[in-house]
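Before any comments, here is the structure.
The values are calculated or read from the model by the stated rules, or taken from the named source; none is laboratory data. Keep in mind that what you see is a predicted model, and the values were worked out from it rather than measured. No Cβ is skipped: glycine too gets one built from the backbone with ideal geometry, and neighbour counts run over all protein chains shown.
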Amino acid sequence: MPFVPNKIRLIGIISYVCLFIGIASTVYVGLFYIIGITSLIGLLPSSIIDWFEKRFYKSTTKYEETEHVQNTSFIIAFIQISRNYFVIFVAVFCLMMNLGSVKKFPYALDPAIVHYGKALRLEQNWGMFAPYILKDDGWFVYSALRNDRKYIDIKNNKDTVIYAKPKYGVYEFESDRWRKFQENYTFNNNNYMRPFYCKYLLNKWNKEHPDQPILDLTIFFMKETSLPNYKTEAIVKTAVCNCTEK
């Protein structure tokens with residue numbers, strides 16, 4: 001908030017940085033912690049920004065320093081005070097709206113009041129983690145048919161198709177963007193993009209391996225659903241897409 005003393009604001013920023021680092025060191029969250037830490041730059045006190053500018057930024061622009069005259073007009077003062085109180089109102093509103101979803105909390109905002117918050121997009125959807133995190137996990141298997149009518153694994157470049165669970169699932173993806181893409185690839189509402197990805201893999205393989213062209217590619221998803229007490233259901237093998245050379 002703009003009226004918070006610089007030292008308190010700096011302590012808060014450092015605390016958030018430690019929080020993001022702690023999350024990144026214990027849970028694989030992709031780019032989340034980098035984006036979170038970067039977004040805190042905009043909250044740094046002006047004194048810190050001035051220090052960085054003097055130490056690392058060498059400007060060649062010459063300018064004359066002018067005496068700053070503080071504007072004490074009623075309108076400017078009213079705008080500044082209104083801004084601060086609005087920030088306080090938004091913070092309290094969001095806090096009360098979230099606490100209202102806690103069963104043991106004795107007070108909840110009236111639905112009519114919450115409706116105004118939605119108009120300002122102040123409501124928060126916790127669908128990512130609530131009421132529970134994504135339980136369906138798994139890995140992909142890429143079974144391709146060669147000219148000699150033999151099935152091969154184009155993911156691992158093996159002469160036999162490997163359906164076993166990888167030892168380290170995170171190493172199955174080239175980057176976090178590919179991880180997110182393949183996560184979305186499993187959802188039924190994204191069926192439209194499955195043939196395009198399948199055809200891309202088929203053409204990519206044939207281009208890189210002209211001596212071992214494939215005629216047909218089937219993408220299997222080996223779904224493993226998590227259960228309480230660190231247990232899992234039996235693995236379900238599902239063919240999510242099939243494409244051919246023609």
Q) Would it be correct to say that C198 is under 27 Å from the mean Cα position of the chain (by Cα) and over 13 Å from K155 (Cα atoms)? A) no
Q.
Checking N191 against (1) surrounded by 14 or more Cβ atoms within 10 Å (Cβ to Cβ); (2) part of a helix (DSSP H, G or I): exactly one of these is not met. Which one?
A. (1)
Q.
T186 - would you say it is surrounded by 15 or more Cβ atoms within 10 Å (Cβ to Cβ), polar (S, T, N, Q) and not assigned by TED's automatic domain parsing to the domain that holds V102?
A. yes
(Q) Condition first: in contact with a Gly (Cβ under 9 Å, 6 or more places away or on another chain) and either modelled with pLDDT of 80 or more or not in a loop (DSSP other than H, G, I, E, B) (or both). Can you find one or more residues in the range 44-64 that meet it? (A) no
Q) Can you pull out the residues in the range 179-213 that are touching a helix residue (DSSP H, G or I) at 6+ places or on another chain (Cβ under 6 Å) and in contact (Cβ under 8 Å) with a residue 12 or more places away in the chain? A) P213
Q) Of K165, K237, which residue is modelled with pLDDT of 90 or more and part of a loop (DSSP other than H, G, I, E, B)? A) K165
Q.
Exactly one of these conditions fails for F20: (1) within 30 Å of W178 (Cα to Cα); (2) exposed (fewer than 14 other Cβ atoms within 10 Å of the Cβ). Give me its number.
A. (2)
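Here's the yes/no breakdown for (1) free of Cβ contacts under 8 Å to residues at least 60 places away in the same chain; (2) outside any helix (DSSP H, G or I):
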| residue | (1), (2) |
| --- | --- |
| N84 | no, no |
| I88 | no, no |
| M97 | yes, no |
| H115 | yes, no |
| E123 | yes, yes |
| Y142 | no, yes |
| D148 | yes, yes |
Q. Restricting to the range 168-177, what's the tally of residues that are assigned to a helix (DSSP H, G or I), under 18 Å from D153 (Cβ atoms) and out of contact with any strand residue (DSSP E or B) (no Cβ under 7 Å at 6 or more places or on another chain)?
A. 1
Q. In the range 157-169, how many residues are exposed (fewer than 10 other Cβ atoms within 10 Å of the Cβ) and in contact with a Phe, Trp or Tyr (Cβ under 8 Å, 6 or more places away or on another chain)?
A. 0
